[in-house]
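Asks: Sending over a structure as structure tokens; questions will come in a sec.
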Amino acid sequence: MPRRPLSAEELATITARSGARCEYCQCPSDYSAQPFVCEHITPIAKGGQTDLSNICFACGGCNGHKYTKTEALDPVSKRVVPLYHPRIHQWSEHFSWSDDYLHVIGLTPMGRATVIALKLNRQAVMNIRSLLLLAGKHPPKTENE
């Protein structure tokens, strides 16, 4: 099925439910150097649909690293596992923050695989987290789950 444009109402819903943050790395859109996108969690190329249950708000970095991936290798178990799905899974069950709040830590096989596959701790995002921490705007008050 071809990609369809999202309505203004759908875009507003997607942005609001994410708290205007990337649903993967938790970077706020207001402080990102890259535009955010409405990302197909299950890519259209793999049978995903353009509906609210398969769309998440993602920064350009996470979207670019995810591309058409839906699974990745867990570095601990050495098994291929599904990537984190923001509409199905709760962020806090699969991820936490390091003691300095700069790194996302994968708590589960899915979380660990997602951290690596999407490069959730890439330098640019960690720089933003560091500055936001100094400004009292990080970590997020609540993770959108």
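Asks: Identify, among Ser32, Leu73, Ala45, the residue whose Cα sits farthest towards the positive end of the charge dipole of region 5-74, taking +1 on the Cβ of Lys and Arg and -1 on the Cβ of Asp and Glu, with the dipole about the Cα centre.
Replies: Positive-end residue among those listed: Leu73.
Asks: Does region 1-67 classify as rounded, prolate or oblate by the C-alpha gyration tensor (a ≥ b ≥ c root eigenvalues; a/c under 1.5 gives rounded; else a/b over b/c gives prolate, otherwise oblate)?
Replies: Cα axes put region 1-67 in the oblate bin.
Asks: Let me ask something else. Report the net charge of residues surrounding Asp30, where surrounding means a beta-carbon distance below 12 angstrom and charges are Lys +1, Arg +1, Asp -1, Glu -1.
Replies: Working: positive: Arg21, Lys137; negative: none.
Once all neighbours under 12 Å are counted, the net charge is +2.
Asks: Calculate, in whole percent, how much of the Cα-Cα pair population of region 8-134 lies beyond 24 Å. Please report the intermediate quantities before stating the final value.
Replies: On the way: 1839 of 8001 pairs.
Result: 23 percent of Cα pairs exceed 24 Å.
Asks: Averaging sequence separations of C-alpha pairs under 8 Å and six or more residues apart, then dividing by the length of the chain, give the relative contact order as a whole percent. List each step's numbers first, then the result.
Replies: Working: 232 pairs, mean separation 31.0, N = 145.
Worked out over the chain, it gives 21 percent.
Asks: Just from its helices, what would the mean residue ellipticity at 222 nm be for the chain, if runs of 4 or more DSSP H residues each count -39500 (n - 2.57) and the sum is divided by every residue, rounded to the nearest 500 deg cm²/dmol?
Replies: The helix contribution divided over the chain gives -8000 deg cm²/dmol.
Asks: For Met126, Met110, what ranking results if the residue with the fewest other Cβ atoms within 10 Å of its Cβ goes first?
Replies: Listing Met126, Met110 from fewest to most nearby Cβ atoms yields Met126, Met110.
Asks: Under 5 Å between amide hydrogens, which residues at least 5 positions from Ala72 or on another chain qualify, with H placed 1.01 Å from N in the peptide plane?
Replies: Result for Ala72 returns Val81, Leu83.
Asks: Could you order peptides 12-20, 74-82 by the average number of other Cβ atoms within 10 Å of their residues, highest first?
Replies: Put in order of decreasing packing, that is 12-20, 74-82.
Asks: Related question: Let me spell out the model: positive unit charges on the Cβ of Lys and Arg, negative unit charges on the Cβ of Asp and Glu, origin at the Cα centre of region 1-80. What dipole size does that give, in debye rounded to 20?
Replies: It comes to approximately 320 debye.
The numbers here are math on the coordinates, done by the rules we state, and not lab data. This is a predicted model, so every value here is computed, not measured. Positions of Cβ are backbone-derived with ideal geometry, glycine not excepted, and every protein chain shown enters the neighbour counts.
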